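Below: one structure, written as structure tokens.
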Amino acid sequence: MRKKIIGLVLAAITMTSLVGCGNKGSNMSSEGGDIVTIKVLSRYSSDQGPDDIVFNSRIESFMDENPNIKVEHEAIGDEATYNNMFKTSIATGDAPDIFVNYGGTQFQDYVESGLFYDLSKVAAEDKEWADKYIPTMLDAWKYEDIEGFYGVPVACFATGVYYNKDLFAQNGLEVPKTIEEFEKVCDAFMSKGITPFALGDKDNFRGAHLLANLILKRENFDYTKSVIDGETKWNDTAMKEVFEVMSSWQKKGYLGDNITTLDATGEQALFLNGETPMHINGSWFMTQISEAENPERFGFIPFPYFEKYPEYKNNWHSGTSEGISISANNGEERLEASIKLLKYLTDADAYNESQKIAKGGIFPVTTMEEIDDITPIAKEFNEVFVDVQDTKLEPGDYAKNPQLREEIRDAIQGMFAGTSVDDTLARIQKVTDMQ
């Protein structure tokens, strides 16, 4: 993959040299001053979400305050189209100066090829800007044997269990703290003919998010990483136990009858309509809760932990949603302008603007102001998202082979369709061994 990227870039450079030399994005204003043009590629194409609103408005105000810098912002909402646009820009040697991405192993080849700038250099020169980040929230842009970090988070998330307070009260049930209590609650709802929590694994990330929550409550991340890297087998005790839990929940009916044909949207609708009492989702779901009819009927609790392993109770399926990286090879003028814009898009005020629009939420920095106008569900979320020990994404996000993440997702979907736990783990192991 790395050789392929370098080859594409070299081909693009050769093509550029044949066409002629340019001035790397500088031109003259009508008043005779130098104008530096930088290109931004993002998915903030909406004028609805808090992050979209803040990102776009800040670009406009940045240009007002810096008339010598012109920002050409291309925003593409569709993920597939966006990814293709980025790959094309790299292949043609026209990489955006600022690029919104998710980091992780899928971004590593670009970093190894020297295409993106080490932001630890910026951090060393501006401690106030850098020190506000929660350290683990930079992990998505850090790589083994590569110094520095290559992106900063715009947003973060954490997942847990949303629940219907009315349905719990009507059935005389308390919200669970442990997996064992959770299963008793599920059994109680099942006895009343109520599906405890539907899982819409037609969108196969839903099963992978369930796996992420369970394994984080069962073992430390070093163990999970050893499985992902092939040092420990997928059918090892702890990992197999987690898959057996998921399989047993499916067989008991906890997850509903249409797991592989129900999508995430349908799963959410069942919960919001009061048909299921619990729903596993991320902090982004707070917006839909707040906009629902009678939002006060909903609450939030952390994903339950195993009674036998209380040392992992404060591990959360959590991390960055997306972040910003800077191109390393577009010339000094554009790099300097890009760093200036990056800081403007990610200063403390920017995060707080987003918080005020969203009326709450969780963020990847320690500089959030306390605000009075916060939604009830955001308040509940913030009250329990404390004493966090570790935050990690789903296991497949840490795989050296990008194919492994999709294989894990597909294998879990296959297990819910009837494949045995042993065969499911063997399927994943086969792809792990290819790394």
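The values are calculated or read from the model by the stated rules, or taken from the named source; none is laboratory data. Only a predicted model underlies this, so the values are computations on that prediction, with no experimental measurement involved. Heads up, the Cβs are rebuilt from the backbone with ideal geometry, glycines too, and the neighbour counts pull from every protein chain shown.
When you go through (1) surrounded by fewer than 17 Cβ atoms within 10 Å (Cβ to Cβ); (2) over 23 Å from residue 351 (Cβ atoms) one by one for residue 301, which number turns out not to apply?
For residue 301, the exception is condition (1).
So that you can scan it fast, the table gives a plain yes or no per residue for (1) closer than 27 Å to residue 282 by Cα; (2) out of contact with any His (no Cβ under 7 Å at 6 or more places or on another chain); (3) assigned to a helix (DSSP H, G or I); (4) modelled with pLDDT of 95 or more:
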{"position": "123", "(1), (2), (3), (4)": "no, yes, yes, yes"}
{"position": "136", "(1), (2), (3), (4)": "yes, yes, yes, no"}
{"position": "140", "(1), (2), (3), (4)": "yes, yes, yes, no"}
{"position": "149", "(1), (2), (3), (4)": "yes, yes, no, yes"}
{"position": "153", "(1), (2), (3), (4)": "yes, yes, no, yes"}
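State whether the residues of region 395-404 include one that is charged (D, E, K, R) and more than 30 Å from residue 73 (Cβ to Cβ).
Checked region 395-404: at least one residue is charged (D, E, K, R) and more than 30 Å from residue 73 (Cβ to Cβ).
Being in the same structural domain as residue 271 (by TED's automatic domain parsing), part of a helix (DSSP H, G or I) and without any contact (Cβ under 8 Å) to a residue 40 or more places away in the chain is the filter; apply it to region 289-348 and report the residue that is nearest to the chain's Cα centre (by Cα).
That would be 291.
Examine region 246-256 for a residue that is surrounded by fewer than 17 Cβ atoms within 10 Å (Cβ to Cβ) and in contact (Cβ under 8 Å) with a residue 24 or more places away in the chain, and state whether such a residue exists.
Looking for residues that are surrounded by fewer than 17 Cβ atoms within 10 Å (Cβ to Cβ) and in contact (Cβ under 8 Å) with a residue 24 or more places away in the chain, one finds at least one in region 246-256, hence yes.
Listed here are the residues, each with its yes/no results for (1) farther than 22 Å from residue 316 by Cβ; (2) not in a helix (DSSP H, G or I).
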{"position": "168", "(1), (2)": "yes, no"}
{"position": "184", "(1), (2)": "yes, no"}
{"position": "189", "(1), (2)": "yes, no"}
{"position": "193", "(1), (2)": "yes, yes"}
{"position": "212", "(1), (2)": "no, no"}
{"position": "217", "(1), (2)": "no, no"}
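Kindly indicate whether any position in region 276-284 is hydroxyl-bearing (Ser, Thr, Tyr), in contact (Cβ under 8 Å) with a residue 24 or more places away in the chain and in contact with an Asp or Glu (Cβ under 9 Å, 6 or more places away or on another chain).
Yes, region 276-284 has at least one match.
When you look at residue 109, is it surrounded by fewer than 18 Cβ atoms within 10 Å (Cβ to Cβ) and either among the β-branched types (Val, Ile, Thr) or in the same structural domain as residue 403 (by TED's automatic domain parsing) (or both), yes or no?
no
Please specify each residue of region 112-126 satisfying the condition of being over 18 Å from residue 338 (Cα atoms) and either surrounded by fewer than 17 Cβ atoms within 10 Å (Cβ to Cβ) or without any contact (Cβ under 8 Å) to a residue 12 or more places away in the chain (or both).
112
Which residues, taken from region 364-397, are surrounded by 21 or more Cβ atoms within 10 Å (Cβ to Cβ) and either assigned by TED's automatic domain parsing to the domain that holds residue 106 or not in a loop (DSSP other than H, G, I, E, B) (or both)?
Matches in region 364-397: 364, 377, 378, 381, 391, 392, 395, 396, 397.
Given the criteria in contact with a helix residue (DSSP H, G or I) (Cβ under 8 Å, 6 or more places away or on another chain), in the same structural domain as residue 61 (by TED's automatic domain parsing) and aromatic (Phe, Trp, Tyr), does residue 351 qualify?
No: the conditions fail for residue 351.
Report the residue count in region 64-79 for those that are within 22 Å of the chain's Cα centre (by Cα) and surrounded by 11 or more Cβ atoms within 10 Å (Cβ to Cβ).
Within region 64-79, residues that are within 22 Å of the chain's Cα centre (by Cα) and surrounded by 11 or more Cβ atoms within 10 Å (Cβ to Cβ) number 5.
Of all residues in region 224-257, count the ones that are assigned to a helix (DSSP H, G or I), under 21 Å from residue 159 (Cα atoms) and hydroxyl-bearing (Ser, Thr, Tyr).
Here the count works out to 2.
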